[in-house]
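See structure below.
Read the figures in this text as sums done on the coordinates, not as results from a lab. Please read these numbers as outputs of a predicted model, since none were measured by experiment. Because the Cβ atoms are built from the backbone with ideal geometry, glycine has one as well, and the counts that use them run over all protein chains shown.
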């Protein structure tokens, strides 16, 4: 009986080895296949993964004048996702790269002395082609770097004192600033300049949303420390705006 068990063991080992080599040649990881059968559809992704964005459009169907006329604050959104192209366009409008200026590559919003203190984050819940998570916008490469996995809209809503549109929107942009980029040149005067920067960026997003048939609203009511915790911001970075984005429900 022991000899029979030993023979069966070796036969089973040979079969498993053959299956492993065959699937490996086919580009299939047997461990991953087994995990998928156990309920894991895909392997976990590591933070820091970079996601390339589609190139933004430079022309649109809606004039600047009409976008200004139609701009309004939207606080209710349809239960529909954003496309990755729409997210790309909104991020570029918020603070993407445009022409080369006197101080180097210029961003889409005006900034005192070209200091560009703003950082832009995408809190994605439902964006087609993008896993839910928190991403930092890399404006020079026009790409996203994922910082956290999972749908964090509920956390963002809680940080914004429970404002429903923040949790309802398929995605939100969060604007922060690193004041030292401006204060090292302008000192205390930077405390006036940085709000000017973020105001210009926020208006860009409003007008771009109108041009795309989307809506947004500028949210400034939030708990600073709670929002910093959601984004895992360091001491040198301060939050300024939350802008939920989606298709207007009315």
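Based on other C-beta atoms within 10 Å, arrange 64, 51, 205 from fewest to most. Write down the numbers at each step before the final one.
Values: 64 10, 51 17, 205 25.
Placing the least packed residue first, the sequence is 64, 51, 205.
Note down the relative contact order for the stretch 50-246 as a percent, whole number, built from C-alpha pairs under 8 angstrom at least six residues apart.
Over the stretch 50-246, the number comes to 27 percent.
When the expected Rg is taken as 2.2 N^0.38 Å, what fraction or multiple of it is the alpha-carbon Rg of the stretch 50-246?
Relative to the rule-of-thumb radius for its length, the stretch 50-246 sits at 0.96.
Calculate the FRET efficiency for residue 79 and residue 196 from the Cβ-Cβ distance with a Förster distance of 35 Å, rounded to the nearest 0.05.
That pair, residue 79 with residue 196, gives E of 0.45.
Can you put 120, 68 in order, fewest other beta carbons within 10 Å first?
If I rank by nearby Cβ atoms, fewest first, I get 68, 120.
The stretch 57-107 to the stretch 119-193: how many Å between their Cα centroids?
The stretch 57-107 and the stretch 119-193 have Cα centres separated by 15 Å.
Compute the length gained on full extension between residue 126 and residue 68: take 0.36 nm times their separation in residues and subtract their Cα-Cα distance, giving the result in nm to one decimal.
Full extension from residue 126 to residue 68 adds 18.2 nm.
Could you give the length gained on full extension between residue 143 and residue 237, defined as 0.36 nm per residue of separation minus the Cα-Cα distance, in nm?
Here the answer is 31.8 nm.
How would the stretch 122-185 be classified by its alpha-carbon gyration tensor: rounded, prolate or oblate, with rounded meaning a/c under 1.5 and the a/b versus b/c comparison settling the rest? Write out the running numbers ahead of the final one.
Numbers: a/c = 2.72, a/b = 1.36, b/c = 2.00.
The shape class here is oblate.
Which order, highest average first, do 147-155, 87-95, 180-188 follow once you tally other Cβ atoms within 10 Å for each residue and take the mean per peptide? Kindly include the intermediate steps, with their values, before the conclusion.
On the way: 147-155: 16.6, 87-95: 24.7, 180-188: 14.3.
Listed from highest to lowest mean packing, they are 87-95, 147-155, 180-188.
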